[in-house]
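First up is the structure itself, then whatever we jot down about it.
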């Protein structure tokens, strides 16, 4: 295991281990090439707390971004709540460079290692696949038909045309969350269209902020995306049923979220995870 704190890392995907508090760090493992794992420091010190997983696809869909320039997710904030395998991408790369297989490889690794040796604290029964921009497209592909994935998170992303939207978003049957950046977000019309093409019985939540395609991620501690991600994690991955109220209340508006719509959230069933 290669441990890194504040260093440069090259990666394709990230795995985040979910937790509720405390310091965290990121590292690489030889058995999962081109991926970076994030987890609470307490887990490395022997905590018995079982942690769920977020598999994250970064923006750009091409490997090679350094840790301090990753434009896509407040991993150091979120993974203090859940482990994350991340694939880091170059934001200037086209969507044609998608590699959803890298996210699936992370899920395969989780299933092969969870509950064993130094990975006894990983809970493979609770996996979400999230991504931003091109990484969001990868998340769709990796998550929509994989029964091991419990939900999908789409940040500033959406299918590139109507045909793809109907084929992909139209096939989503598991809970899905969209956070878009309003009309100034290049992916805004795509994500909006995807939401309208979801099956009528799919649990879903969609909202916007006014910060465009990527600026929200530049805020301290990951800003609005980190707050939304934390609530998704508490509800879907930690099994805190009370966290659902945040999505249907006025609370998101207090952090700059607007244009909130949702459907069938009452159909989402969760089981409380082990508590610290």
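None of the figures in this text is laboratory data; all of them are computed from the coordinates on show. Given the structure is predicted, the values throughout are model-derived calculations rather than measurements. In this analysis, Cβ positions are derived from the backbone assuming ideal geometry, glycine residues included, and neighbour counts consider all displayed protein chains.
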Notebook entry, point to check: Taking a ≥ b ≥ c as the square roots of the eigenvalues of the Cα gyration tensor of segment 122-238, is the shape rounded (a/c under 1.5), prolate (a/b larger than b/c) or oblate?
Noted result: oblate
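By counting other Cβ atoms within 10 Å of each Cβ, how are 29, 55, 186 ranked from fewest to most?
Lowest count first: 186, 29, 55.
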Next item on the list: Determine, for 238, 267, the number of other Cβ atoms within 10 Å of each Cβ, and report the residues in order from fewest to most.
Entry: 267, 238
